[in-house]
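Taking it in order: structure first as structure tokens, then the write-up.
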Amino acid sequence: MAGLRIYVPGDAAAVACGADGIAKAIPPLAAKRKVAVEIVRNGSRGMHWLEPMLEVVTDKGRIAYGPVEMDDLESVFDAMIAGGAAHKLRVGVPEEHPFLKKQTRLTFARCGIVDPHSLDEYLAHDGYKGLMKALADPAGIVAAVTESGLRGRGGAGFPTGIKWKTVADAQADRKYIVCNADEGDSGTFADRMIMEGDPFVLIEGMTIAGIAVGATRGYVYIRSEYPHAIAVMNDAIRTAKNAGYLGRSVAGSAFAFDIEVRVGAGAYVCGEETALLESLEGRRGQVRAKPPLPAHKGLFGKPTVINNVLSLASVPVIMDRGAAYYKNFGVGRSRGTMPIQLAGNLKYGGLFETAFGITLGELVDDIGGGTFTGRPVKAVQVGGPLGAYFPRALFDTPFDYEAFAGRDGLIGHAGVVVFDDTADMAKQARFAMEFCAVESCGKCTPCRIGSTRGVETIDRIVEGVEPEKNLAVLTDLCNTMKFGSLCALGGFTPYPVMSALTHFPEDFVPAPQKQAAE
Amino acid sequence: MAYEAWSADTAANIIRSHEGREGALLPILHDIQEAFGYVPEPAEPMIAEALSLSRAEVHGVVTFYHDFRREPAGRHVLKVCRAEACQAAGGDVLAARCEKHLGVAFGETSLDGRVTLEPVYCLGLCSVSPAAMLDGRIVGRLDEKKIDKLMAETA
């Protein structure tokens, strides 16, 4: 290969900002200048405000430019030809950008760097080293994952090793590995980025899980809203099969393992693990009562490991570098790193992987740079539609499962959505109830009926109809939903509602009273 | 997007192509919808028979999931994200603008069959919000100008 190697991210966030058009426009520019180019559609580095962020390989390393819009492309391309020369959009060496420099990238080590379609590049960047160590000591995998302190990154935070041990100990003729890629929480996109930017790490993680528990078949359940991720995963699975990393003999070993992608159909509740299993089996995505746990009776009634994308994608580095290495990052019972997603009204949105323990304030103010509207931050919702709204007064909360729980919040899948002072928190609380009503699977009464009553009650409060009585009703209703719902949809909807009410009571005062008070 | 008119033969072929697959119902429904643009009612008893399910079970699944249409959509489908990260970035104003300019409410198809406007709860583009999807093409960092351009494409 000769000529210029240019990276144009194929990540959906970059594509949504015009990356496909840029990638198509480069070859004609190159032809005009008689320069040979090779375009690589990499994943995103996670500095999304700079997308589409183009990189050119030079003798000084990779030099980035962004955000590159069509109007700037020609001059950026000329700067690239000149060996990564100066330009108003020049970012420089990506790794030296403070946003990346401050991070600890374990799960996302390769994302944005490698060509997601190339197994060779994956192998050249430490790919499948974890699998090789796992194959050398299959019986030690579960202990290593347990020792690493890895907890479910989907939101529940259940220790991954314990889940795996339960499935490993179960006796059955068939077992399954199911990857939950139904990333429906607003403000989250880390699963999508990994699947689009480093799909082999997920395949490797699932394969290690299969070997650890004795499962030979895996499913990745990806939401239909992620067509790009679906395409990249399917491509990577095909490549891994052809190379012998999946199939009857994984990497020449006695272990068999195969993976298939299944596509969701727009139901948020299918992100709940038992609803997901129902959906995979071809039924309505209705939540199952637990017990039995999926680890005992999961997919098609067989013992099943069901883990989030990030949990599984963290396993290869744990196996490769050792449990102690991973465990040394983090605080308290939250070990390792968390790929945090900064979103909403934020100047520097994107993916920030760091050890647990960073405070919410550091994330929003220092890393995220405050709002892009330039207005003061009013509230931050952490953990998706079921996460609490935190005011600035709680910005000292460290990113840690227990610390957030201690303040009636949750870190969930680590999405951070920032709102400025124009946000109406009563409206946000109403939306939480409305969303729950739309997405409820209908199986349990607190969620199915409670959410609709919640919308009505909030409407009455805002209209000024017996506000005190209705506030008591709302509080009571939230309590019933929290403790009486079958799953987190009904059970956690009270978090955004009650946090909005607790931290922003002034927003629940009816409009005429607001005026009178001023 | 051009879809095929309902054909029992095509449906039968699709169903047959999934023979022996575990939990085949959702993959079959996706393929049926990809072929016809929606899940025609006559497909339901055919699927039910092939999978040894009752027709009610198949119908129950079709109606449970937001993705499956029971009638054809407009020639264009504009999905606008209505979730929190887009709300925080001014998405509500743009959503209202779409309803007003297209003359339809969310979930509706324009009378001339030109466009269907749908809400979507997160496209995973939360760091480049507000976001929307027109006929499968994603667009982020929406403002009035950009959303107007998208709407113009449906004309």
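The table below gives the values:
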quantity: Matching option when the condition is surrounded by fewer than 15 Cβ atoms within 10 Å (Cβ to Cβ) and under 27 Å from the mean Cα position of the chain (by Cα), among A:95, A:55; calculated: A:95
quantity: Qualifying residue in region A:352-371 (condition: part of a helix (DSSP H, G or I), within 13 Å of chain B (Cβ to nearest Cβ), of a type outside the set (Val, Ile, Thr) and open to solvent by 10 Å² or more (accessible area, probe 1.4 Å)); calculated: no
quantity: Qualifying residues in region A:336-351 (those that are over 21 Å from residue B:143 (Cβ atoms) and part of a strand (DSSP E or B)) - the one farthest from the other protein chains (Cβ to nearest Cβ); calculated: A:337
quantity: Listing of helices (runs of 4 or more DSSP H) fully contained in region B:1-53 that carry 1 or more residues being hydroxyl-bearing (Ser, Thr, Tyr) and open to solvent by less than 50 Å² (accessible area, probe 1.4 Å); calculated: B:8-17
quantity: Residue that is nearest to the other protein chains (Cβ to nearest Cβ), among those in region A:165-202 that are basic (Lys, Arg) and in a helix (DSSP H, G or I); calculated: A:192
quantity: Top-ranked residue in region A:404-427 [being under 24 Å from residue A:150 (Cβ atoms) and touching a Gly at 6+ places or on another chain (Cβ under 7 Å); ranked as nearest to the other protein chains (Cβ to nearest Cβ)]; calculated: A:415
quantity: Residue list for region A:270-287, restricted to those being in a helix (DSSP H, G or I) and either open to solvent by 10 Å² or more (accessible area, probe 1.4 Å) or under 13 Å from residue A:222 (Cα atoms) (or both); calculated: A:270, A:271, A:273, A:276, A:277, A:278, A:279, A:280
quantity: Pairs where the first residue, in region A:369-381, is among the hydroxyl-bearing types (Ser, Thr, Tyr) and the second is surrounded by fewer than 18 Cβ atoms within 10 Å (Cβ to Cβ), C-beta under 7 Å, 6+ apart; calculated: A:371/A:347
quantity: Checklist (1) open to solvent by less than 10 Å² (accessible area, probe 1.4 Å); (2) more than 12 Å from chain B (Cβ to nearest Cβ); (3) touching a helix residue (DSSP H, G or I) at 6+ places or on another chain (Cβ under 7 Å); (4) of a type in the set (A, V, I, L, M) applied to residue A:243, failing item; calculated: (1)
quantity: Search result, residues across region A:391-408 that are within 20 Å of the chain's Cα centre (by Cα) and under 15 Å from residue A:504 (Cα atoms); calculated: none
quantity: Yes/no for residue B:121 being in contact with a strand residue (DSSP E or B) (Cβ under 9 Å, 6 or more places away or on another chain), among the hydroxyl-bearing types (Ser, Thr, Tyr) and within 10 Å of chain A (Cβ to nearest Cβ); calculated: yes
quantity: Checklist (1) open to solvent by 10 Å² or more (accessible area, probe 1.4 Å); (2) more than 27 Å from residue A:385 (Cα to Cα); (3) within 14 Å of another protein chain (Cβ to nearest Cβ) applied to residue A:137, failing item; calculated: (3)
quantity: Given (1) open to solvent by 10 Å² or more (accessible area, probe 1.4 Å); (2) touching a Phe, Trp or Tyr at 6+ places or on another chain (Cβ under 7 Å), number of the condition residue A:296 does not satisfy; calculated: (2)
quantity: Residue that is least open to solvent (accessible area, probe 1.4 Å), among those in region A:163-185 that are more than 22 Å from the chain's Cα centre (by Cα) and aliphatic (A, V, I, L, M); calculated: A:167
quantity: Some residue of region B:92-112 being in contact with a helix residue (DSSP H, G or I) (Cβ under 7 Å, 6 or more places away or on another chain), within 12 Å of chain A (Cβ to nearest Cβ), buried (at least 20 other Cβ atoms within 10 Å of the Cβ) and not charged (D, E, K, R); calculated: no
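The values are calculated or read from the model by the stated rules, or taken from the named source; none is laboratory data. Values in this document were obtained by computation on a predicted structure and should not be read as measured data. Reconstructed Cβ throughout: ideal geometry from the backbone, glycine too, with neighbour counts over all protein chains shown. Please note that ligands, DNA and RNA were not included when accessible areas were found on the heavy atoms of the full protein model with its side chains. Shrake-Rupley method; radii C 1.70, N 1.55, O 1.52, S 1.80 Å.
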